[in-house]
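Before any comments, here is the structure.
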Amino acid sequence: MQRSWLWLANLLTVCSLVLASPSGMPRMTRTTGSEEANGQQKPHIIIILADDLGWNDVSFHGSNEIPTPNIDALAYNGVILNSHYVPALCTPSRSALMTGKYPFHNGMQHSVLLEGEPRGLPLQEKLLPEYLREAGYKTHAVGKWHLGYHRVDYTPTRRGFDSHFGYWNGLQDYWSHEVQTTYGTWRGFDMRRNLTVAWDTAGKYSTDLFTDEAVNLIENHNSDDPMFLYMAHLAPHTGLQDAPFQAPDEEIAKFTHIADPERRIYAAMVSKLDHSVGEVMAALRRRNMLENSIVLFMTDNGAPTLGIHSNRGSNYPMRGIKATAWEGGVRGVAAIWSPLIEKSNRVSNQLMYMTDWLPTLYAAAGLNVNDLGSIDGVNMWPALRNNKTSPRSDLVVNIDDIFNYAAIRKGDFKYVIGTVGRGDDWYGENGRPGLARNDRTLPNYDPSSILESRAGVALAGVITARQVAELKKVRNGQTDAPQITTRLVTAADVQSLRNDALLECNVKEEDKVPCNALESPCLFNLKDDPCELVNLAKTRPLILATLEEALMKYRLTAIPATNVDADPRANPVHWNNTWVNWDELHPMKLISEGDPASPKKLSGPAIAVIAVILALSVVAILTLFGFRKCQKNNPPADNHPELGALKGVPESIGEANDCTIEEPQSSELSRSLHSLKELSSLKDLSKNID
C-alpha cells in the first residue's frame, strides 16, 4: 500500500509539471560539468544591437552633441572596445554575429537581404541561440531579424530562439510598422509575435515597443535559468523613404542646440535608444539578474551619413560611411559590462571582429569552445576578462567580388582595394566644443548625468552590494585582502576614460598622402593614422605584399554571394498587405494560426478539461486502492465474484475493515469510470487550442 501511495504522489507531481509547462511537458534543467564543478550559474547574456549608429554619436567618444548617459554608464563601468570591427552592412554583420563565420564563408557578403528576396542565412549554419539553448539557456529575440523569412524555417523561432517579437525585414516605419521595398513600391505590414502578425502594435513607436518587450521578458523570466536576450533595435536606422526621420516630439525638443532638422531628429532617435538601454539595465537590477549578467552594447555597422537610407549619423573623425571598407563603416561602437570582468573601467584596443562573439560568449558561459567546430571567430573572453593580449592578429573586413572591393587588417596595418559608392571621404559633425560646425552652443558634458542615469544607478547598486560582500569577508576572516577590489566609477574616472576613448588624427596637412583604391591598393598604419590619411603603399611595399598575400589566401576560401532577384509572389498585395512566408504552401494559414511546430501554451478551457480528467483519475485510483485492500481483508459473502467484490468496497480509505457500500453506489462508481473513459478522449483537445 505504501508503494501505491508513493506512485500516486509521483503521478500527481508529473501532472502538475505538465500543467505548469508552457509546452505541456515537464521542464528539464540541464547542467554542464563545469557548472557543477564551480557551483556557478551560467551568466545571463544580453546583446543590445544598434542599427547604423555612428562612431561619434555616443558621447563617450567625445561629442557633446548627443548625450547618451545610459550607454556611457555601461561603457565606463565596463570595457570600451575601441578596436571592434564589424561588417559594413546589416545582413552580413548579423550573419557574422550569429554564425561566428566571415560572411564570405556562407554567401552573405554582398549587400543586404532585400525585401522579397527568397534567400536567407543558410539553414546548415548553426546559430548562437541554438548553441546556448542546448546549454540550458532561455533564448529570446526582440526587434530586427534581417536573416531571411521567405520560408518559416529561416525565421527566428526556427533558428534557436524560444520567442521573437519584432520584424523580419531590414527596416520599418517607426509608427505604422510598414515596410516598403528599397527599390520598388511593394508595401506591407511587418511586426510579429513569433509568426503571428502583431496588428495591435500599429501606432506605437518601435523603440518603445522593443523596450517594453525586453523589460517584460526580464520581469517574467525564471532567474534560476540562464537567459539569452538578443535585442536588435531599429534605432537609429531611418524609417521608410517617405519619412526617414522619426521620433516623438518631446524627444526632439531636447535638441534645440542642433540646427539641422534631420540631424536633430536623428539625435532624438539615438536618445530613445539610450533610454532603452537604461530601462533594460534597471529591469535586470530589479530582478537581481544584473549581478550575474554579461551586457554587450554595439552597432552593426557605421552610420550612413549620406546616400540611400542616410540617417545623418557621424563617424567623425574616421573616413568613410556604412557600406564602405573605410574605418567609418567597419570600426563600430562597442562596450561590454559584466561583474565577471576582472579588469574593467578601461578602454581596450584589443583587436576584435564581430565573428568573435560566438566563441567569446560561449566560453564566458563556461562551455567548451571546441564544440563549435570550424569557425572564424576567436575566443576573446580571457583577453577581455583580464586585459590580456588579443589572440586575434588579423581580420578580413570583407571580400565582395560583386562590388569588387576587399580589405584586411593585420597587426597595425590595413590593406584596401576597391571602393563602394560615394563614401570615400570624411563626413559628419564632430560635436566638440570650439570645433563644432553648423551647431549652436553645445551642452556641457556632465559626468553626474551618467552616474545618475538609469543604467548608472543600477550598476552602482550592483557594485555597492559587491563591496559590502567583500567587506563582510574581510571582517569574518575569510580573506586577507585589506582593500575592496570593486569600486564605483567617479566623475574623474568619466573624464579620464572619455579622453582615452578619443580617436585623434594627428596628421599634418603636408604629411597627408592621398589614396585612390579604385586605381591601386592602399596601405595604412592604423595605430598612427586611424583616420586613413597617409597612404603607405609606395613606401612600405613589403608590408603591402604581405597583406595582399594574406588576403589572397582568404579569397581562395570564399564562396559566391547568394543574392537573387526579388520574387513577385512576395508582394504584400497578395497577402492582405502583409509581409509573409510567401514560399510556404499556405502563407495566410500561418498568419492566422501561427507556427505549427512551436509549443503551444494551454488556454483556460484546455487546462479545465485536463484538470477534470486528472481529478476523476485520482478519485478512481483512490477508490480502487481501497477496493483492493478491503477485498483482501474481507472475503466475499458468496461465490459470485462481482457481488463479493462490490461488497468489499470500503466507505472510506481510512476504514480498512468497514466495507458496507451498498450496491447502488457501485453503479455510481461504474458510471464515473465510464465518464472518465469518455473524457479521456478529450486529452488531445489542448493540442488544438492556443
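Tabulated results
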| read-out | value |
| --- | --- |
| Percent of beta bridges antiparallel (DSSP, region 118-275, rounded to nearest 5) | 40 |
| Thr196 paired with Asn476, simple spin-label distance in nm, labels 7 Å along Cα-to-beta-carbon | 4.7 |
| Cβ-defined net charge surrounding Ala73, 14 Å radius [Lys, Arg +1; Asp, Glu -1] | -3 |
| Two-site FRET efficiency, Glu584 against Ala492, from Cβ-Cβ distance with R₀ of 41 Å, rounded to 0.05 | 0.10 |
| Surrounding net charge for Asp500, when Lys and Arg each add one and Asp and Glu each subtract one, Cβ distance under 13 Å | 0 |
| Dipole of region 515-568, positive end: most advanced residue of Pro541, Leu523, Ala566 [Cβ charges, Cα centre] | Pro541 |
| Relative packing of 296-306, 491-501, which averages over residues the other C-beta atoms within 10 Å, highest first | 296-306, 491-501 |
| Accessible area in square angstrom per residue, region 86-215, 1.4 angstrom probe | 25 |
| Accessible surface, region 415-532, averaged per residue in Å² (probe 1.4 Å) | 60 |
| Share of carbon and sulfur in the accessible heavy-atom surface of region 38-78 [1.4 Å probe, %] | 45 |
| Surface share of carbon and sulfur [accessible, 1.4 angstrom probe, percent] for region 486-526 | 48 |
| Distance from region 179-209 to region 351-367 (C-alpha centre basis), Å | 32 |
| Extension reserve of the Ala243-Asp153 stretch, reckoned as 0.36 nm per residue once the Cα distance is removed | 29.2 nm |
| Protection proxy ranking of 447-455, 46-54, 179-187, 372-380 - average other beta-carbon atoms within 10 Å, highest first | 46-54, 447-455, 372-380, 179-187 |
| Rough spin-label spacing in nm, given labels placed 7 Å along Cα→Cβ, for Glu504 and Asn216 | 4.9 |
| Accessible area of region 189-245 belonging to carbon and sulfur atoms, whole % at 1.4 Å probe | 44 |
| Virtual spin-label span in nm between Leu542 and Ile308, 7 Å along Cα→Cβ | 4.4 |
| Residue-count net charge about Gln172 - beta-carbon cut-off 9 Å; Lys, Arg +1, Asp, Glu -1 | -2 |
| Added length on full extension, which subtracts the Cα-Cα distance from 0.36 nm per residue, Glu130 to Glu262 | 43.5 nm |
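The values are calculated or read from the model by the stated rules, or taken from the named source; none is laboratory data. This structure is a prediction, so every number in the text was calculated from the model and none was measured. All Cβ positions, even for glycine, are placed from backbone atoms using ideal geometry, and neighbour counts span all protein chains on display. In case anyone asks, the SASA skips ligands and DNA or RNA and just uses the protein heavy atoms, side chains included. Shrake-Rupley method; radii C 1.70, N 1.55, O 1.52, S 1.80 Å.
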